Amino acid sequence: MVKHRISAALATLAITAGLLIGGASLNATAAQKTKQSGDDTLQREVRHQLRMLNFYTVFDNLEYGVDGNKVILEGQVTNPALKTEALGTVKNIPGVSEVQDNIKVLPLSNEDDRIRRAAYRLIYGDSQLSKYGFQSVQAIHIIVDNGHITLEGNVDSEGDKNVAGIRANSVPGAFSMKNNLMVHGEH
């Protein structure tokens, strides 16, 4: 899931500046399109760089937002090296002036690892859901934090979302399950 944040203050400032210059609505529209194009380019590059990270697995969830030249990183990771790599990679993207770190490193736990493996087998072993396991970055991410499972990612249908939730909810020893999967086309 990608979080998209647009700075309302910058958009309002660009519109106001365009109106004051003359040729008002054309300048404002051009300024908005230029800013939007820059944001879109930066978003695509951030998404690409995050997907290429060495330690990124199905048990991690990275999300980001772009606000002008600032990138906000969020999510949960099982390996502190992934957090460090994500921050370093995004800081080196041309056009990024600031990175806000809201990434949580999940605690080490043998029980959480067991729950992760069980949830993985139940979800990706299901014939309806196995198609999501063949991508370079699996579509369904399984986040386990102190025995609580959260599913993140994107699926093709409400049926797939429900089946994934049922599978994750049947993991022995898990305390709870939250299904945050998004169906393609929904926001």
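Taking the criterion of being crowded, with 20+ Cβ neighbours inside 10 Å and either in contact (Cβ under 8 Å) with a residue 60 or more places away in the chain or more than 17 Å from HIS141 (Cα to Cα) (or both), the residues of region 59-74 that qualify are PHE59, ASP60, ASN61, TYR64, VAL66, VAL71. Entry remark, region 103-130: residues being farther than 25 Å from GLU85 by Cβ and of a type in the set (Gly, Ala, Ser) number 4 in total.
To keep it simple, each residue is scored yes or no on (1) outside the structural domain of GLN76 (by TED's automatic domain parsing); (2) exposed (fewer than 15 other Cβ atoms within 10 Å of the Cβ).
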{"position": "LYS91", "(1), (2)": "no, yes"}
{"position": "GLY95", "(1), (2)": "no, yes"}
{"position": "ARG117", "(1), (2)": "yes, yes"}
{"position": "GLY125", "(1), (2)": "yes, yes"}
{"position": "SER130", "(1), (2)": "yes, yes"}
{"position": "PHE134", "(1), (2)": "yes, yes"}
{"position": "ILE149", "(1), (2)": "yes, no"}
{"position": "GLU152", "(1), (2)": "yes, no"}
{"position": "SER157", "(1), (2)": "yes, yes"}
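In summary, LYS161 fulfils each of the numbered conditions (1) in a helix (DSSP H, G or I); (2) modelled with pLDDT under 95 with the single exception of condition (2).
VAL58 satisfies every condition listed in (1) among the hydrophobic types (A, V, I, L, M, F, W, C); (2) within 15 Å of LEU151 (Cα to Cα); (3) in contact with a helix residue (DSSP H, G or I) (Cβ under 6 Å, 6 or more places away or on another chain); (4) not in a strand (DSSP E or B) except (3).
Would you mind finding the one in LEU129, LEU106, LEU87 that is of a type in the set (A, V, I, L, M, F, W, C) and more than 19 Å from TYR56 (Cβ to Cβ)?
LEU129
Among the conditions (1) modelled with pLDDT of 55 or more; (2) within 13 Å of the chain's Cα centre (by Cα); (3) surrounded by fewer than 14 Cβ atoms within 10 Å (Cβ to Cβ), TYR56 misses just one, which is (3). Scanning region 32-46 for residues that are surrounded by 14 or more Cβ atoms within 10 Å (Cβ to Cβ) and modelled with pLDDT of 70 or more turns up ASP39, LEU42, GLN43, GLU45, VAL46. Taken over region 170-187, the criterion of being without any contact (Cβ under 8 Å) to a residue 12 or more places away in the chain and surrounded by 13 or more Cβ atoms within 10 Å (Cβ to Cβ) is satisfied by no residue.
The values are calculated or read from the model by the stated rules, or taken from the named source; none is laboratory data. All of these numbers come straight from a predicted model, not from anything done at the bench. Virtual Cβ from ideal backbone geometry, glycine too; neighbours counted across all protein chains shown.
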